[in-house]
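Following: one structure in structure tokens, then a few remarks.
The values are calculated or read from the model by the stated rules, or taken from the named source; none is laboratory data. This is a predicted model, so every value here is computed, not measured. No Cβ is skipped: glycine too gets one built from the backbone with ideal geometry, and neighbour counts run over all protein chains shown. Calculation scope for accessible area: heavy atoms of the full protein, side chains included, ligands and nucleic acids excluded. Shrake-Rupley method; radii C 1.70, N 1.55, O 1.52, S 1.80 Å.
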Amino acid sequence: MKLPRDASLQALVDRRGLRAALLFGPDGGLAHERAVALVTHVAGQLDDPFRVVELAAAALKDDPARLADEVAALSFTGGRRVVWIRDATDGLAGGPLPAVLEESAGDTVIVIEAGELPSRSSLRKLIEGSERAVAVGCYHDETRDVAAVVRDALTKQGLAIAPDALRYLTERMGGDRLITRAELDKLALYMLADAAGNAPRQVELADAIATVGDSAAISLDDVIAAAADGRTAELERALTRALLDGESPVRVVRACLQYFQRLHLAAARMAAGASAGDAVGGLRPPFRRDAERMAQQLQRWSAPRLRAALDRLLQAEIDCKSTALPDDTMCARALLDVARVAERARR
């Protein structure tokens, strides 16, 4: 089933005795945050070795019976157990999961994290069509949602926020919930350290700029993420902001080209048998910034699509340097062409 509007995932799992929950969507940070909350709710804590077992979806290919064994196992210390599956793909639906969903007994909960799954996804169809499972889409925060997250996180730290500071932060956050949380933790730490023993003060615009930064680098990261995710509306806004921050169109195209080259290398590693997470983790130099998002992007960017994107970006870089046409226009057209490929793959 799909999670009903305004329903609590934790309450639904408790009330209905659901066997599994699928957290999927373009916002991997939000999916992970919800998975952590559900695992903690069921098992009490994340690192209980008797009640929580983490499995990579790829591992079930080599040992398909393990899922049923883990679901049937009992905790030595009592209480419900969680089987937490990361980096799930449609391959999971073709394995032991359907039988485990419908036939297994006990109260173990299977928590499944996946990237973006189109409506035709076999895994998504399996979960949405089962009365013993729930699917939860995790999408990028809208502006009002980002504002609520900002206020809530700062309130928990005993901090208020000025309206202009809140507006500044909401304009620069929301692409990924984990990144938003990390930036807010950094801001709270800055405020508490700056208080120097005094009562923490209100977050002002200057504080937000000092920690989150009004830099072109942040804008450029937003451009790359929106293009690779296929979020065309956000891409237009991010590109406008990057250009206003002083980035040149050629540099924007080149940065996207470099990112897609790394994405193509990771895709080649996946074709050789690596999982998305391992493919990204094996990049050199290491890709530590938003690695989870890149792993999700690999689910929609096939090798032919990546080659076409690289050709389009390379041609755009050449055109920006050698033709009389406005380079910002050529940059925007190329990035939108690339983003539309990912947008179509998401459907």
Arg262-Arg66 FRET efficiency (beta carbon distance; Förster radius 30 Å; 0.05 resolution): 0.40
Dipole magnitude of the chain, debye to nearest 20 (Cβ charges: Lys/Arg +1, Asp/Glu -1, about Cα centre): 640
From the coordinates shown, log10 I(q)/I(0) by the Debye sum over Cα atoms at q = 0.09 Å⁻¹ corresponds to which of [x] -0.67; [y] -0.48; [z] -0.56: [z]
Cβ-defined net charge surrounding Ala58, 14 Å radius [Lys, Arg +1; Asp, Glu -1]: -3
Kyte-Doolittle mean at least 1.0 and Cα axial length at least 15 Å: DSSP H helices in the chain: 216-229
Those lysines that a straight Cα-Cα span of less than 16 Å connects to Lys2, excepting residues fewer than 8 apart in one chain: Lys125
Eligible aspartates and glutamates near Lys156 by straight Cα distance, threshold 16 Å, same-chain separation 8 or greater: Glu183, Asp185
Per residue accessible area of the chain, 1.4 Å probe, in Å²: 47
Trp84 long-range amide H proximity, modeled H, under 5 Å: Val53, Glu54, Leu55, Val111
Solvent-accessible area, 1.4 Å probe, carbon plus sulfur percent, for the chain: 52
Cα gyration tensor category, rounded, prolate or oblate, for segment 10-158 with a/c compared to 1.5: oblate
Estimated 222 nm signal from helices in the chain, with DSSP H stretches of n ≥ 4 weighted -39500 (n - 2.57), rounded to 500: -18000 deg cm²/dmol
